[in-house]
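Asks: Quick one: this structure, given as C-alpha cells, is what I'll be asking you about.
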C-alpha cells in the first residue's frame, strides 16, 4: 500500500514537471515561462537605467563610446567604420534581437522551424517566390564591394557578440513564448531584410486580374476604365520639365494579341496607395533661408517599431536618422551638410510569364522556338514537431515557376493573385548592392555625392529626395527600371516569346530627376513620376494624385516656412477626394426623401470641412459612402465567380461621377431598369447610413471617425497585449496624413539645414523591442498627437548635453 | 523548518539551475524531514508560492507591472488594471503545486522506504 502511494505520488510529481516544461500548441511551457528566475518576469525592465556601463568585446578594433538620450536612442562614437557597424549591430541586437530573428525567418521561409506546421504554406510561398535565391544573388554582389562586405560583416559580428553574451534567462520574451533560441546572425540576413522591403513595396501584381478583364470585356473597355494615364495628375517631376538626355531605343512589342485564357483563382482586392510623402523646400521659401526637408514613409505599422533611431559617428561620417533592424547604416536621415528621404515608386518590376513545359517532368520549357532546360532548385523546409519537406522549384530564364496547378494551396490568401504555371520575373531576384547607396548617402556632402550614391540603387525603387546646405534641392525616382515596350506587363505575358522579356534597363542616369525647379520645392507622394513626355514606360498605374496635389497646393503658397508649417502639413487630414466629389454627390440627394438618420447625416456632410479628423462624423460617412459607391458601380461587372478581376481605380470613378452622369457603367446590369449616376449615388447613400447604423446604432459618438477607423499598432507576431492601445486619431487614405487602421506614417522627420542642422522626428513606438520596457512605445503618444521630438544631433562625445542619460564604453577584449 | 530549508535552497540554486530543480529539492528535503503528508505538501507549496510571488514582485515592482499586465492581456485574464495580480497568483500557484506534489512524493517515498527497512 505504502509502495503504491509512493509510486503514485512520484508519478504525479514527475508528470507535473514534464507537463509544465512542455509546449502545447501555442501555449509556452508554463512553469518555464512563469519561473521568475528565468521566465518572462526577467524581461520586466526597471524604469531606471544604469548611468554607465563598461563592456569588453572580442573583435572590436578600438574604443567605442555610446551615449543614450532620453528616448534611449544610441549615439555611437567609433574611430573606424568596422567598429561603428559592429556597435550598431550590437546595440540593435540589444534592443531588437527577436525582431531581427523573426524577420529573417519570415523572409527566408524558416518560420516552420519554430512555430511548426501552421507556417508551412507561408514558408513554401517565400521559398517558391525566390526570396532565398534573390538574397543569395544580392549577397554575392554586396561582397564584391570591399567597404560593404566589411560593413555587413562588422554588423553581424556585433549582433553575434551580443547573442553570445546571453543566457536563456536573458532572451527576449518572444523567444520564451515561442520556446526557441536565437541563432547566429549571418551577413546574408541583411540581404533578406532588403528582400522583405522589396516584397512589401513591389510585391503586388494584378496582371492576372487585368488579363481576365481583357478577356471578358476586350481592349476598348480596358483602355476606357484602366487607362495608361490618369484623369487627375500632378507628377513628381513637374510637368514640362525638359529631359536632358538622348533616350535609347524602346523595344518593340510582339504582334500577336495577348492570349485568351481565363484564370480561375479567387480574388483579393489590391489596396491602392501606400501613403508615403516627402518634400524639400529651397531656402527661398523658408524662414531661415536654408532648405528644409520632410519625409514620412508609410508602412503597415507594428511593434517592435519598424525603424530604429540612431546616430552613427566615425572618422568619415556623422549621420543621424532611422535604420532598419537588420541593415547597417541609416536609411532616412541627415548629416551636417545634407538630408535625404524616400517614398515608394511603384514601378512595374514584377511580371508573370506563362510557361509551356514539354511534359510533366518540367525539365524543359519552350522559349525562342526551342526547348530549353529548367534549373531545379531544392528548398528544404524543416518543421518543428513534423516531417521535413523538400520542395522542388523549377527556374526558367525568367525566374521561378512559383506554383504549378497541383501545388497551389487553396486557403492561403498570399497566393491568391499568383497565376499558376507562370514564371516570375522580379527585380528582387537580381544581384544588387542597395546598401552602398545608403553608405554613400550617410557620408554625402553635396548634390554630386547624392547623384553618385543613387547609381548603386536597384530595388525597391524609391523617390530619393534631397536637400543640401548649399541650397540645392532635388528628387530622383531611383532604381532598376526594366526597359519595356509601352504597357509591357499590364497583362500576363507569353513566356515563349523573347519580345516579352525585359530588355535591359533604363540607363540609371536617365531615371527621372529634377534639381532646383522654378517652383522652389520638390515633392512626392507615390504618384506617377513624370508627365507623358518621359520616353520610358514605368507603369500604367500609380497611387492617385490626391495627396501629391494637396502637398503641391500647400507648398506652392507657402512662404517663410518653419518646422511647424511642415509639421502641420504632415498631419494634414484634408481630403482632395471629398473636395472633388462631395458637391456632385450631395446635389443628387433630395433631402425630403430621407429618413431621420439619413437627413442628419446629410446635414453633417453639407457642413463638413472635408478634414478627416478623429471627431468628425461626416468623415465616417464619406469614407463608407466612397466604398459603397465603388461597389454599387463596379460589383455587377467585376465580381464574377471564377473569374477574378479588379475594380477600376478610385480616380476613374471620380472622373465618371464628375464628367459622365449618364455613363453606361452606372447601370446595374442585374436590374431590368437602367440606372444613372444619381440613382447609384442615392442607393449607395442609403446603404452607407444603414450599414453604419447597424454597426454603431443611431448617430452618436460611436460614429466619430477615430472610433470607426480604430487605429492601433499591433505586435509583429500579433501577440495579444503586446500591441499598442487604441489610438483615437484622424487621417485617411487619400489625405497627406494617410492613416488607416494600422497602416500609416512609420516615421515622420523634418530637417532644417543651416549652419547648425536642426531636426525633428517621431515614430509610433520606441527604441526598445521589449514589451516589458518603458521604451517599447514611449513615443506613441507624441506621434498620435502629431508632435515631433527634437532630435539630439551630437558633434562630439564630450559636448555638454542635458538629454544624455547614460553612457556605455566598449573596448576590445 | 522544512519550509525554510526549501525556500532558502531554492532561492540560491534557482539562480544557476533551471526551474525544475525546485521539484528535486523539495522531494529530497521532504523525504528527509517531513512529518506528515499534509505538512509536507503545505511546506512545499507555501515555500515556492512565496518564493515565486516574491521574486516576481522583485522584477515587477520597478517595472510598474507593465509586462505582467501585458501578459495578463495575452492570457485574456479579466481585470484591466489588476490582471497583473492574477498573473502573479498563477505564477505562485504553478510553483507551489510543483513543489507541493514533489514534497508529497518525497514524504511517501520515505514512508515506503521505512517499511522495507523494518
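Asks: Please pick out the residue among A:459, A:444 that is buried (at least 19 other Cβ atoms within 10 Å of the Cβ) and under 22 Å from residue A:755 (Cβ atoms).
Replies: Details: A:459 fails: under 22 Å from residue A:755 (Cβ atoms).
The conditions single out A:444.
Asks: Is it the case, given these coordinates, that residue A:300 is more than 23 Å from the chain's Cα centre (by Cα) and either buried (at least 21 other Cβ atoms within 10 Å of the Cβ) or touching a residue at least 60 places away in the same chain (Cβ under 8 Å) (or both)? Please lay out each step first, then the result.
Replies: Numbers: more than 23 Å from the chain's Cα centre (by Cα): no; either buried (at least 21 other Cβ atoms within 10 Å of the Cβ) or touching a residue at least 60 places away in the same chain (Cβ under 8 Å) (or both): yes.
The answer is no for residue A:300.
Asks: Which members of the stretch A:471-499 meet the condition of being more than 29 Å from the chain's Cα centre (by Cα) and not in a loop (DSSP other than H, G, I, E, B)?
Replies: The initial filter retains those residues of the stretch A:471-499 that are more than 29 Å from the chain's Cα centre (by Cα), namely A:471, A:494-499.
Once the filter is applied, which keeps residues that are more than 29 Å from the chain's Cα centre (by Cα) and not in a loop (DSSP other than H, G, I, E, B), the stretch A:471-499 yields A:494, A:498, A:499.
Asks: Follow-up question, since we're still on this one. Please work out which one of (1) surrounded by 15 or more Cβ atoms within 10 Å (Cβ to Cβ); (2) not in a loop (DSSP other than H, G, I, E, B) is the condition residue A:770 fails and give its number.
Replies: Just one mismatch for residue A:770, condition (2).
A quick yes/no check of all residues on (1) surrounded by fewer than 23 Cβ atoms within 10 Å (Cβ to Cβ); (2) farther than 30 Å from residue A:399 by Cα:
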position	(1), (2)
A:487	yes, no
A:496	yes, no
A:503	yes, no
A:509	yes, no
A:514	yes, yes
A:520	yes, yes
A:536	yes, no
A:545	yes, yes
A:551	no, yes
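Asks: Mind listing whichever residues of the stretch A:146-159 are in contact (Cβ under 8 Å) with a residue 40 or more places away in the chain and either under 11 Å from residue A:86 (Cβ atoms) or touching a helix residue (DSSP H, G or I) at 6+ places or on another chain (Cβ under 6 Å) (or both)?
Replies: Taking the stretch A:146-159 as the starting set, the residues that turn out to be in contact (Cβ under 8 Å) with a residue 40 or more places away in the chain are A:147-148, A:150-152, A:154-159.
Within the stretch A:146-159, A:148, A:150, A:151, A:152, A:154, A:155, A:156, A:157, A:158, A:159 meet the criteria.
Asks: Given the criteria more than 7 Å from chain A (Cβ to nearest Cβ) and farther than 30 Å from residue A:1 by Cβ, does residue B:13 qualify?
Replies: Numbers: more than 7 Å from chain A (Cβ to nearest Cβ): yes; farther than 30 Å from residue A:1 by Cβ: yes.
Here the answer is yes, as residue B:13 does meet what is asked.
Every residue, every condition in (1) under 30 Å from the mean Cα position of the chain (by Cα); (2) outside any loop (DSSP other than H, G, I, E, B); (3) closer than 14 Å to residue A:601 by Cα; (4) within 14 Å of chain B (Cβ to nearest Cβ), yes or no:
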| site | (1), (2), (3), (4) |
| --- | --- |
| A:678 | no, yes, no, no |
| A:681 | no, yes, no, no |
| A:685 | no, yes, yes, no |
| A:707 | yes, yes, no, no |
| A:718 | yes, no, no, yes |
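Asks: Here is a follow-up. Quick one: in the stretch A:25-59, which of the residues that are in contact with a strand residue (DSSP E or B) (Cβ under 6 Å, 6 or more places away or on another chain) and over 22 Å from residue A:167 (Cβ atoms) is nearest to the other protein chains (Cβ to nearest Cβ)?
Replies: My answer is A:51.
Asks: Out of all the residues in the stretch A:5-18, is one or more facing chain B (nearest Cβ under 7 Å), out of contact with any strand residue (DSSP E or B) (no Cβ under 8 Å at 6 or more places or on another chain), assigned to a loop (DSSP other than H, G, I, E, B) and surrounded by fewer than 19 Cβ atoms within 10 Å (Cβ to Cβ)? Full working, then the answer.
Replies: As a first pass, look at the stretch A:5-18 and keep what is facing chain B (nearest Cβ under 7 Å): A:5-6, A:9-10, A:12-13, A:16-17.
Next cut, out of contact with any strand residue (DSSP E or B) (no Cβ under 8 Å at 6 or more places or on another chain) only: A:5-6, A:9-10, A:12-13, A:16-17.
Filter once more, so that each one left must be assigned to a loop (DSSP other than H, G, I, E, B): none.
Scanning the stretch A:5-18 turns up no residue that is facing chain B (nearest Cβ under 7 Å), out of contact with any strand residue (DSSP E or B) (no Cβ under 8 Å at 6 or more places or on another chain), assigned to a loop (DSSP other than H, G, I, E, B) and surrounded by fewer than 19 Cβ atoms within 10 Å (Cβ to Cβ).
Asks: Taking the stretch A:592-629 as the region of interest, how many residues are out of contact with any strand residue (DSSP E or B) (no Cβ under 8 Å at 6 or more places or on another chain) and in a helix (DSSP H, G or I)?
Replies: Residues flagged as out of contact with any strand residue (DSSP E or B) (no Cβ under 8 Å at 6 or more places or on another chain) and in a helix (DSSP H, G or I) within the stretch A:592-629 amount to 26.
Asks: Please go through the stretch A:93-125 and give me each residue that is without any contact (Cβ under 8 Å) to a residue 24 or more places away in the chain and crowded, with 21+ Cβ neighbours inside 10 Å, ordered by number.
Replies: Taking the stretch A:93-125 as the starting set, the residues that turn out to be without any contact (Cβ under 8 Å) to a residue 24 or more places away in the chain are A:105, A:111, A:118-119.
Within the stretch A:93-125, A:105, A:111, A:119 meet the criteria.
Asks: Among the candidates A:448, A:455, which residue alone is at pLDDT 90 or above, over 20 Å from residue A:350 (Cα atoms) and touching a helix residue (DSSP H, G or I) at 6+ places or on another chain (Cβ under 9 Å)?
Replies: On the way: A:448 fails: touching a helix residue (DSSP H, G or I) at 6+ places or on another chain (Cβ under 9 Å).
Answer to the selection: A:455.
Asks: Looking only at the stretch A:175-233, how many residues end up being at pLDDT 95 or above, under 23 Å from residue A:436 (Cα atoms) and surrounded by fewer than 22 Cβ atoms within 10 Å (Cβ to Cβ)?
Replies: Going through the stretch A:175-233 one residue at a time, the tally reaches 3.
Asks: Find the residue count for the stretch B:32-46, including only residues that are more than 9 Å from residue B:100 (Cβ to Cβ) and more than 10 Å from chain A (Cβ to nearest Cβ). So that I can check it myself, show each step before the final result.
Replies: Going through the stretch B:32-46, the residues more than 9 Å from residue B:100 (Cβ to Cβ) turn out to be B:32-39.
Going one step further and asking which of them are more than 10 Å from chain A (Cβ to nearest Cβ), we end up with B:32-36, B:38-39.
Final tally of qualifying residues: 7.
Asks: Go through the stretch A:454-470 and report how many residues are more than 22 Å from the chain's Cα centre (by Cα) and not in a loop (DSSP other than H, G, I, E, B).
Replies: Matching residues across the stretch A:454-470 total 2.
Asks: Identify, from the list A:722, A:726, the residue that is buried (at least 21 other Cβ atoms within 10 Å of the Cβ), over 17 Å from the mean Cα position of the chain (by Cα) and within 14 Å of chain B (Cβ to nearest Cβ). Walk me through how you get there before you give the answer.
Replies: Working: A:726 fails: buried (at least 21 other Cβ atoms within 10 Å of the Cβ).
After ruling out the rest, the residue left standing is A:722.
Asks: Which numbered condition in (1) more than 7 Å from every other protein chain (Cβ to nearest Cβ); (2) under 27 Å from residue A:302 (Cβ atoms); (3) at pLDDT below 90 is the only one that residue A:101 fails?
Replies: So residue A:101 meets the others, but not (3).
Asks: Taking the condition facing chain A (nearest Cβ under 9 Å) and either in a helix (DSSP H, G or I) or within 24 Å of residue A:45 (Cβ to Cβ) (or both), does residue B:25 pass?
Replies: On the way: facing chain A (nearest Cβ under 9 Å): no; either in a helix (DSSP H, G or I) or within 24 Å of residue A:45 (Cβ to Cβ) (or both): yes.
Answer is no for this residue.
Asks: Has the stretch A:553-560 got at least one residue that is in a helix (DSSP H, G or I), in contact (Cβ under 8 Å) with a residue 60 or more places away in the chain, more than 30 Å from residue A:486 (Cβ to Cβ) and in contact with a helix residue (DSSP H, G or I) (Cβ under 9 Å, 6 or more places away or on another chain)?
Replies: As a first pass, look at the stretch A:553-560 and keep what is in a helix (DSSP H, G or I): A:553-557.
With in contact (Cβ under 8 Å) with a residue 60 or more places away in the chain added as a condition, the list becomes A:555.
Then keep just the ones that are more than 30 Å from residue A:486 (Cβ to Cβ); that gives A:555.
Filter once more, keeping what is in contact with a helix residue (DSSP H, G or I) (Cβ under 9 Å, 6 or more places away or on another chain): A:555.
Yes: the stretch A:553-560 contains one or more residues that are in a helix (DSSP H, G or I), in contact (Cβ under 8 Å) with a residue 60 or more places away in the chain, more than 30 Å from residue A:486 (Cβ to Cβ) and in contact with a helix residue (DSSP H, G or I) (Cβ under 9 Å, 6 or more places away or on another chain).
Asks: Could you list, in sequence order, the residues of the stretch B:62-118 that are outside any helix (DSSP H, G or I) and more than 9 Å from chain A (Cβ to nearest Cβ)? Even if it seems obvious, please write down each step before you answer.
Replies: Within the stretch B:62-118, the first condition is being outside any helix (DSSP H, G or I), and the residues that meet it are B:62-65, B:75-82, B:118.
B:77, B:78, B:79, B:80, B:81, B:82, B:118 - these are the residues of the stretch B:62-118 that are outside any helix (DSSP H, G or I) and more than 9 Å from chain A (Cβ to nearest Cβ).
Asks: How about the stretch A:41-71: which of its residues are within 30 Å of residue A:30 (Cβ to Cβ) and touching a residue at least 60 places away in the same chain (Cβ under 8 Å)?
Replies: Here is the first cut: in the stretch A:41-71, the residues within 30 Å of residue A:30 (Cβ to Cβ) are A:41-47.
A:42, A:43, A:44, A:45, A:47, listed by residue number.
The values are calculated or read from the model by the stated rules, or taken from the named source; none is laboratory data. Nothing here was measured: the structure is a model prediction, and the numbers come from that model. Here the Cβ is made from the backbone with ideal geometry for all residues, glycine too, and neighbour counts use every protein chain on show.
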